[in-house]
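Reviewing the structure listed below.
The values are calculated or read from the model by the stated rules, or taken from the named source; none is laboratory data. Worth saying up front: this structure is predicted, and the values here are computed from it rather than measured. Here the Cβ is made from the backbone with ideal geometry for all residues, glycine too, and neighbour counts use every protein chain on show. Heads up: the accessible areas ignore ligands, DNA and RNA and are worked out on the full protein's heavy atoms, side chains in. Shrake-Rupley method; radii C 1.70, N 1.55, O 1.52, S 1.80 Å.
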Amino acid sequence: MRNDIILAGVGGQGILSIAAVIGLAAVERGLYLKQSEVHGMSQRGGDVQSHLRLSDSPVASDLIPYGKADLIISVEPMESLRYLPWLSSSGWLVTNSTPFVNIPDYPETDRIMSEIRKVKNHIIIDADAIAKESGSARSGNMVVLGAASGYIDIPFESLSDAVRSLFGKKGEEIVEVNLKALRAGRNFIM
Amino acid sequence: MHTLLLLGDEAIAQAGIDAGMSGMYAYPGTPSTEIMEFVQGSREAAMKTIHREWSANEKTAMEAALGMSYAGKRAMVAMKHVGLNVAADGFINAAITGVNGGLIVVAADDPSMHSSQNEQDSRFYAKFSFVPVLEPSNQQEAYDMVFAGFEISEKYKVPVMLRITTRLAHSRSGVKRKGERKQNALTLPSDPRQFVLLPAIARRRYHGLLGIYESLRYDETLGSFNQYYEGSDRRLGIISFGISFNYLTENYPDRDVGMPVLKICSYPVDNSLLERIAAGSDELLVLEEGYPVMEELLKGILSGGKSVKGRLDGTLPREGELNPAIVAAALGLPATRGGEVPEIVRMRPPSFCKGCGHADMYNALHEALAGYAPGRVFSDIGCYTLGALPPYNAINSCVDMGASVTMAVGAADAGLVPSVAVIGDSTFTHSGMTGLLDAVIKNSPVTVIISDNSTTGMTGGQQSHATDRLESICEGLGVDRKHIRTIVPLRKNHEENIAIMKEELAYNGVSVIIARRECIQTASRRKKEAVKQTDNK
Ligand SMILES: Cc1ncc(C[n+]2csc(CCOP(=O)(O)OP(=O)(O)O)c2C)c(N)n1
């Protein structure tokens, strides 16, 4: 078993929480894992990504080689396209559809969507809207993870458990909101 | 013990706590910041009463760590690569004094400059100072090397460098802990003159250090991190240093490279290892993260004109970090690139947070400077450096911490009057204070704007030594109280702030304008924590 996943977004959008949930679940299941993150300058509203590698045998490189990613999970549509050189020909791209516009020359949404649709295996989900329905506009990251969960070789229950232990410190209410968002994303693809 | 999922930085921190360290010293800097943050957040570290406060800068951190070592206890000091420039005087001379308690210097390099002004390679400093280096290739090694580092440091009485790069610092993986070691008791050096570097003593110690450095090549603990792998295809022998080993094996699904491979994760290297792989292969490929430090050395060590491929002959790029694709190309393996990035994808550089006080400060400064020719704003390193980007285009320099004040002084000396310095509060107490003293001594016509968000923002909001002290520091350094002005950079104060800036720009002497408004990131974090506190009541 081997899952090479690229997480993409803009600094502050919560991709490290997605990474932490998958990472916790993977460790609980005794998988090997390497997860490279971006800290520092780019976290101020720049593009950020995380390479997450899960395997039942030891992982060598902290970085995923080009063309080898099985999955891109993106919380922002333009950012999902930035990592296409890493996506394998059979890989999936799962992305939020709501743009995060903090640059003057942000492209038209239609053009972004048509580029995403050119990718053979893609899922576009309005995570912001679904998150709002689930009770918290800020849990869009969990909605996207839910929508991508079918392409990760970890049972959904393990991901839910990881959400519980990750957000447990912040109180039951936060846990429930995030679980609801995760399930809503999951239901979107079922 | 179960496996912990740790960043490379966190693995080093946890290892320090487990290996009997009594003091952790650091100034924040990507990618090293999370080492100290982990120790500060650790309950075990609190129970063990490990010292773990931020220092004013890397030099003070290095020297405090050396002082703890003098007193017989184990200390670790961590910094980003350019921090080692600031700490270099202490570092290089600590090699001459040697240590008493174990001393580990963590240098976190940033090849490809993800968050830095340059990609200097700290191994040069170690070579320059005759200090052994441990360079982990994964998180578990990073953990284990702290134990080994303290052991070597105490055995040979030398500081040990632990060199990591961004990818390891900021990548998480499973780490197994070892049994804990007790902290050392307070014991003074057996030779009371060890740390007194008068020339006669220094000459003797330097002579001793050179001898130690040679014997380190054959140290078993140091050597245990190096490994030779046989391979039947002897046309190419590969020497990998540190993390580059992973980029090599990544290209071989069963991890069998099939060629002779020498994995090196500690320095100085036993030359016989290098000679062995050289003798056993037709050509050599050198993989190292950073500068071609070892590649250059190898060309000198290996007799017989063996061809050495690497960063110097163009087999690998001369600059930037390695990755699996670059190494694959060097090995002649096919490229695996997926699709291309569509042309519509735009760059997304970092930017000021919405509502940031630095932005309001720059808006006011822009108008206050309207009457002067452009090109006179010297800035520094921090979030406020983002003022270099459009639409602000507000600054003309960003060189090294503290250089805003001193460059403004030099430019004013040259006749660029008024000269303006824009510096952050943490950068000011890191290295701006001494420059301001220079300015005061010669009454330089400079206006120093301290953009005070009351935190060390760029690196994630660590406590700033400047908080609540700036006015008294400036006054103490001799700035005329009438020309220390405090403003609140808010849009509603815009006109008033412009007027104050104009007055001080027109003043023919040293003035300091403190533009103070709390960082909105730390402010919102503080509010959230306050809510949590009341919820818990
Ligand atoms: C010698 C050195 N040490 C550390 C750093 C890392 N660093 C860059 S910006 C920064 C924070 C500066 O804080 P402050 O001056 O308060 O400005 P802010 O980011 O809060 O606006 C640090 C620690 C560096 N670039 N050089």
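Structural remarks
- Estimated dipole of the range A:2-189 in Debye, rounded to 20 [Cβ of Lys and Arg +1, of Asp and Glu -1, Cα centre]: 180
- Within the full protein context, the accessible area of B:F150 is estimated at about 0 Å² for a probe radius of 1.4 Å.
- The distance from the alpha carbon centre of the range B:125-145 to that of the range A:134-190 is 40 Å, rounded to a whole number.
- Summing Cβ point charges (Lys, Arg +1; Asp, Glu -1) relative to the Cα centre of chain B gives a dipole of roughly 960 debye.
- Alpha-carbon centroids, the range B:169-205 and the range A:27-91: separation in whole Å: 38
- Based on DSSP H segments of at least four residues, each scored -39500 (n - 2.57), the protein assembly as shown has a per-residue ellipticity at 222 nm of -11500 deg cm²/dmol.
- Within-13-Å neighbourhood charge of B:L210 [Cβ basis; K, R +1; D, E -1]: +4
- Contact order for chain B, expressed relative to its length and based on alpha carbon pairs under 8 Å spaced 6+ residues apart, stands at 11 percent.
- Among B:N497, B:A414, B:S444 - extreme Cα towards positive end, dipole of the range B:392-530, charges at beta-carbon: B:N497
- For chain A, share of DSSP beta bridges that run antiparallel, in % to the nearest 5: 50
- Buried area at the B-A interface (accessible, heavy atoms, 1.4 Å probe, summed, Å²): 4000
- Charge context of A:S134, other residues only, Cβ under 14 angstrom, K/R +1, D/E -1: 0
- Radius 11 Å from Cβ of B:V82, net charge of other residues (Lys, Arg +1; Asp, Glu -1): -4
- Selected from A:T109, A:S160, A:A137, residue furthest toward positive end of dipole (the range A:70-190; charges at beta carbon): A:S160
- Among B:Q40, B:A19, B:V82 the positive-end extreme of the charge dipole of the range B:1-139 (Cβ point charges): B:A19
- The charge dipole of the range A:48-121, taken about its Cα centre with unit charges on the Cβ of Lys, Arg, Asp and Glu (plus for the first two, minus for the last two), comes to roughly 240 debye.
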